[in-house]
Amino acid sequence: MNRVLGWAVALGLSLAAGGCGGDDGDDASSPSTTTSSGYFESLPPGFPTPKESVDNPLTNAKIELGRHLFYDPRMSVNQTMACASCHQPARAFSDGRPTSIGATGENHPRNAMSLSNVVYNATFNWANPGLATLHAQALIPMFGEFPVELGWSDREAEILDRFRHDPLYRQLFADAYPGESDPFDADRVAKAIAAFGSTLISGNSPYDQSTYQGNRNAMSEAARRGQELFFSERMECFHCHGGFNFSQAVSHSNITLAQAEFHNNGLYNINGTGDYPLSNRGLWEFTHRSADMGRFRAPTLRNIELTAPYMHDGSIATLEEVLDHYSRGGRLIAEGPLAGDGAKNPFKSELIVGFSLTTREKQDVIAFLQSLTDWAFLCDPRFADPFGNFEAHSHCHQ
Ligand code: HEC
Ligand code: HEC
């Protein structure tokens with residue numbers, strides 16, 4: 001069975017498989033409403049109000065429970081791995097590997113995504129048009145079997161018992177789900193983790209300070225030159241990595257129906273047929289339409305300096321090489337089983353056309369991308385591991 005559909009069936013999720021419509025991807029409306037808890041009242045300047053899920057209202061107690069669960073290795077079948085193992089705070093909540101490895105050693109085909117501003121995503125994961133809430137997303141690493149990440153399937157009761165019998169969690173669950181006699185179930189675990197995830201908002205980088213907070217000098221001269229290039233028609237980056245989140249397909253309270261968009265940016269062209277590797281074909285995995293081959297979501301570029309390696313399969317090691325890829329208009333793989341010229345992929349986005357940059361311009365664009373690193377976010381104690389196992393970035397201790 002198709003891996004992703006396999007998950008969906010296993011989880012009872014309703015995914016828009018098969019019947020996907022127009023060229024711009026599917027509508028991904030989430031069952032959400034405008035914020036009601038007041039939790040999002042002090043947002044960074046320039047940031048819209050996130051939607052809050054109607055069936056998962058935010059409370060401080062729920063967020064605090066979620067933070068504990070997110071960092072707790074008891075969340076995995078063999079107690080070796082937490083969400084934070086693949087979403088490490090020191091790496092802007094990514095894992096530093098090209099592709100992830102689950103608790104029992106199974107290989108995930110994809111690169112662990114940063115969780116910066118994840119609450120604003122219209123859809124989740126690299127290319128899943130039907131995954132519209134953080135709550136539904138969390139159930140995938142918990143229960144997914146293709147591959148096993150945390151390994152909850154068949155072991156759910158045993159894992160929940162670990163929390164049910166721990167005095168700390170008895171208190172945390174009671175506070176998060178007041179009045180419920182037995183709140184220890186997978187759904188409430190996922191909801192609490194989703195609540196925590198939705199607070200991971202990053203909007204205080206030098207770029208933000210310069211753009212929204214009147215502190216122009218927060219950005220270096222080089223970064224400002226790079227910003228102009230990034231937003232130029234020569235480079236075209238902003239068309240797909242745009243708006244306050246440098247991403248596409250955002251969802252917030254001013255948008256009623258979010259458009260999810262997916263693009264092929266020319267990473268592969270196996271044998272010149274346009275193919276991507278079998279385990280990583282993007283939107284095609286849902287639609288089986290050839291035009292969707294290799295189409296993935298343009299992820300946020302916030303804190304991008306810390307989330308190497310890059311792309312859905314971690315196949316680009318550095319930001320320099322990312323710029324080489326785009327300036328060539330696609331990647332050439334000269335030999336081996338994946339050989340082919342991505343620049344000639346017939347399904348490539350027409351915005352990926354190539355350009356040339358001088359050495360200094362390239363450095364400037366990288367300085368700009370580095371100006372999206374938000375130390376206030378990365379070092380924020382509200383997002384830190386309550387058990388002290390997962391360290392913040394060394395920069396935070398200086
Ligand atoms: C084995 C490593 C691993 C573990 C453990 C893991 N993740 Fe992930 N996470 C990934 C990978 C890989 C992706 C990209 C998945 C894809 O595109 O198919 C991802 C994607 C995500 C996303 C989507 C981000 C976005 O921008 O769309 C969220 C949210 C997330 N994970 C949260 C969690 C939570 C919460 C947990 C714990 C319940 C968790 N993850 C456990 C590796 C992991
Ligand atoms: C046509 C839309 C589009 C344009 C234009 C575009 N990107 Fe992307 N970008 C994407 C998509 C889609 C991905 C993910 C592709 C994949 O993994 O297969 C991506 C991935 C990236 C990544 C890796 C993100 C991560 O978390 O691994 C970086 C960095 C990046 N782009 C920077 C840029 C820069 C710099 C430019 C301008 C030169 C640019 N992009 C232009 C769509 C675009």
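The values are calculated or read from the model by the stated rules, or taken from the named source; none is laboratory data. Predicted, not measured: the structure shown is a model, and the values here were computed from it. Here the Cβ positions follow ideal geometry from the backbone for every residue, glycine too, while neighbour counts run over all protein chains shown.
Miscellaneous remarks
- Qualifying residue in the stretch 334-343 (condition: buried (at least 17 other Cβ atoms within 10 Å of the Cβ), in a loop (DSSP other than H, G, I, E, B) and at pLDDT 95 or above): yes
- Of all residues in the stretch 150-191, those that are in contact with a strand residue (DSSP E or B) (Cβ under 7 Å, 6 or more places away or on another chain) and in a helix (DSSP H, G or I) total 0.
Conditions (1) free of Cβ contacts under 8 Å to residues at least 40 places away in the same chain; (2) crowded, with 20+ Cβ neighbours inside 10 Å, marked per residue:
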site: Leu168; (1), (2): no, no
site: Asp175; (1), (2): no, no
site: Ser181; (1), (2): yes, no
site: Asp208; (1), (2): no, yes
site: Ser220; (1), (2): no, no
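- The set of residues from the stretch 95-124 being within 16 Å of ligand 2 (Cβ to nearest atom) and farther than 18 Å from Ile316 by Cα comprises Leu115, Ser116, Asn117, Val118, Tyr120, Asn121, Ala122, Thr123, Phe124.
- Of the criteria (1) in a helix (DSSP H, G or I); (2) in contact with a Gly (Cβ under 8 Å, 6 or more places away or on another chain); (3) among the small types (Gly, Ala, Ser), which one Ala127 fails: (1)
- Any chance Ser210 is small (Gly, Ala, Ser) and over 22 Å from the mean Cα position of the chain (by Cα): yes
- Some residue of the stretch 106-123 being outside the structural domain of Asn245 (by TED's automatic domain parsing), free of Cβ contacts under 8 Å to residues at least 24 places away in the same chain and not in a loop (DSSP other than H, G, I, E, B): no
- Applying the set (1) among the aromatic types (Phe, Trp, Tyr); (2) in a loop (DSSP other than H, G, I, E, B); (3) surrounded by 19 or more Cβ atoms within 10 Å (Cβ to Cβ) to Phe355 leaves exactly one unmet item: (3).
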